[in-house]
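The values are calculated or read from the model by the stated rules, or taken from the named source; none is laboratory data. Everything numeric here is computed off the predicted structure, so don't read it as measured data. Glycine gets a Cβ as well: all are built from the backbone with ideal geometry, and neighbour counts include every protein chain shown.
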Amino acid sequence: MNWDDLQYFLALARSRTLSAAARALGVDATTVGRRIDRLGEYLNTTLFETTPSGHELTASGAKLLVHAEDVERSILAVGSTVRGERASLAGTVRISLSEGLAAWMLAPSLAAFRGLHPNIGLEIVSTNGYLDLSRREADLAIMLGRPARGPLLTRKLSDYKLSLYASPDYLARHGTPAHVTDLGTHQLIGYIPDYIYADELRYLSDIEEGLEPDFSSTSINVQHMLAASGAGIAVLPDFMALQDRRLTPVLADTVSITRSFWMVVHRDRRRVARIAAVIDWLDQLVRDKAGLLLRH
């Protein structure tokens, strides 16, 4: 086995498609496929499975990835020592996280991240539910609940607050509720109960048992737009609603919900340089945005 073959393997493991790996390496996709096949034959195993979303590592491929990145770090360290300069960080990091956090906290800060790490590409996955880190579907996850099992390293990234919000137009037409018990007579906005992927999203029942949404969506951004357009009252993260002048707090003195974001990474991936750089950046981002996350 030689380092060149491992470079092809790492490129495909990180980009997940032959064409993207080829662009990263400056070769054609056929060459990438041929080198991966050669490496698999040498090791007498299958390293990737072809899926609708691209090339996914097999169990054997996941084991090889750990060793290949160890080799990569060693080579970069040697080069850094010989040249007397810091080896650059490069590659792709895939983050699985909630839609609201992705759209309202990460997305506005990505240009600044690129300035810090021009050779690290970020893939932001914000579908309902979370990708499986144990199966290498993502490199890093920010979850609403702490995972109960798996070879994972987990720590709290930050608490955050949610409150009730509506548009001034809605409140002018329907009146402002004075007590929690008044909410039953209002048009409420929330998640579709059958599609709630985490118990932490069951906000309305936390406020008052029996409250049900009149308008519902799997998307927190759709819920936000419904509230901002005057459709009703919604539970929204403060870090979203405080940035929208079309919204005003409702029952601010009596209703405040606290949830947490959990940083989760596979224990074999924590020391990968590009992933460590993203984790450090996320920690700083949370510190910078503390006023939006925890306004009370």
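Report, by residue number, each residue of region 180-216 that is closer than 17 Å to T254 by Cα, in contact (Cβ under 8 Å) with a residue 24 or more places away in the chain and out of contact with any strand residue (DSSP E or B) (no Cβ under 8 Å at 6 or more places or on another chain).
V180, T181, G184, E208
Which members of region 160-182 meet the condition of being closer than 15 Å to D244 by Cα and of a type in the set (A, V, I, L, M, F, W, C)?
L162, L164, A166 - these are the residues of region 160-182 that are closer than 15 Å to D244 by Cα and of a type in the set (A, V, I, L, M, F, W, C).
For region 120-161: of the residues being within 11 Å of the chain's Cα centre (by Cα), of a type in the set (A, V, I, L, M, F, W, C) and at pLDDT 85 or above, which is farthest from L293 (Cα to Cα)?
L122
Determine which member of the set A24, A102 is part of a helix (DSSP H, G or I), modelled with pLDDT of 90 or more, at negative phi and aliphatic (A, V, I, L, M).
Result: A102 is the single residue among A24, A102 that is part of a helix (DSSP H, G or I), modelled with pLDDT of 90 or more, at negative phi and aliphatic (A, V, I, L, M).
All but one of (1) loosely packed, with under 15 Cβ neighbours inside 10 Å; (2) in the same structural domain as S219 (by TED's automatic domain parsing) hold for H174; state the number of the condition that does not hold.
Among (1) loosely packed, with under 15 Cβ neighbours inside 10 Å; (2) in the same structural domain as S219 (by TED's automatic domain parsing), the lone unmet condition for H174 is (1).
Return the residues of region 245-296 that are part of a helix (DSSP H, G or I), within 20 Å of I120 (Cα to Cα) and not β-branched (V, I, T); say none if nothing qualifies.
A273, R274, A276, A277, D280, W281, L282, D283, Q284, L285
Given I124, I220, which one is within 25 Å of E56 (Cβ to Cβ) and surrounded by 14 or more Cβ atoms within 10 Å (Cβ to Cβ)?
Result: I124 is the single residue among I124, I220 that is within 25 Å of E56 (Cβ to Cβ) and surrounded by 14 or more Cβ atoms within 10 Å (Cβ to Cβ).
Taking region 147-169, which residues are assigned to a strand (DSSP E or B) and over 21 Å from I207 (Cα atoms)?
Those that are assigned to a strand (DSSP E or B) and over 21 Å from I207 (Cα atoms): L152, L153, T154, R155, K156, L157, S158.
Given the conditions (1) farther than 17 Å from D238 by Cα; (2) surrounded by fewer than 21 Cβ atoms within 10 Å (Cβ to Cβ); (3) in contact (Cβ under 8 Å) with a residue 12 or more places away in the chain, which single one is not true for G115?
Condition (3) is where G115 drops out.
Which one of these is assigned by TED's automatic domain parsing to the domain that holds S163 and touching a Gly at 6+ places or on another chain (Cβ under 8 Å): L242, L226? Can you show your working first?
Details: L242 fails: touching a Gly at 6+ places or on another chain (Cβ under 8 Å).
Result: L226 is the single residue among L242, L226 that is assigned by TED's automatic domain parsing to the domain that holds S163 and touching a Gly at 6+ places or on another chain (Cβ under 8 Å).
Could you list, in sequence order, all residues of region 33-64 that are farther than 14 Å from R135 by Cβ, surrounded by fewer than 17 Cβ atoms within 10 Å (Cβ to Cβ) and free of Cβ contacts under 8 Å to residues at least 12 places away in the same chain?
Once the filter is applied, which keeps residues that are farther than 14 Å from R135 by Cβ, surrounded by fewer than 17 Cβ atoms within 10 Å (Cβ to Cβ) and free of Cβ contacts under 8 Å to residues at least 12 places away in the same chain, region 33-64 yields R34, D37, E41, N44, T50, P52.
Taking G184 and the conditions (1) farther than 23 Å from M263 by Cα; (2) assigned to a loop (DSSP other than H, G, I, E, B), which numbered condition does it fall short on, given that it satisfies the others?
Checking G184 against (1) farther than 23 Å from M263 by Cα; (2) assigned to a loop (DSSP other than H, G, I, E, B), the one that fails is (2).
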